Amino acid sequence: MEKLSRVIDARCRELNIPPESIEAQMVASQLLGMFQSGVTDEEHLTKCPIALELVQRQG
């Protein structure tokens, strides 16, 4: 879980998302889903696209 926590923190910092925000919960939920489906490599989780990034890029 430490690995997942580090990835979530890094992604939120990268996206300028406050850690206690709903957006941070969305990031955590997506990354947790990937982790539970077998994506456990920290580097891959840090770099893989998440839906929130796609929305921010369009806006």
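The values are calculated or read from the model by the stated rules, or taken from the named source; none is laboratory data. As the structure is a computational prediction, the values presented were derived from the model and not from experiment. We work out accessible area using only protein heavy atoms, side chains counted, and drop any ligands, DNA or RNA first. Shrake-Rupley method; radii C 1.70, N 1.55, O 1.52, S 1.80 Å.
Within the accessible surface of the chain, defined with a 1.4 Å probe on protein heavy atoms only, the carbon and sulfur portion equals 54 percent. At q = 0.12, 0.15 Å⁻¹ the log10 of I(q)/I(0) for the chain amounts to -0.24, -0.38, computed by Debye summation with a single uniform scatterer per C-alpha, solvent ignored.
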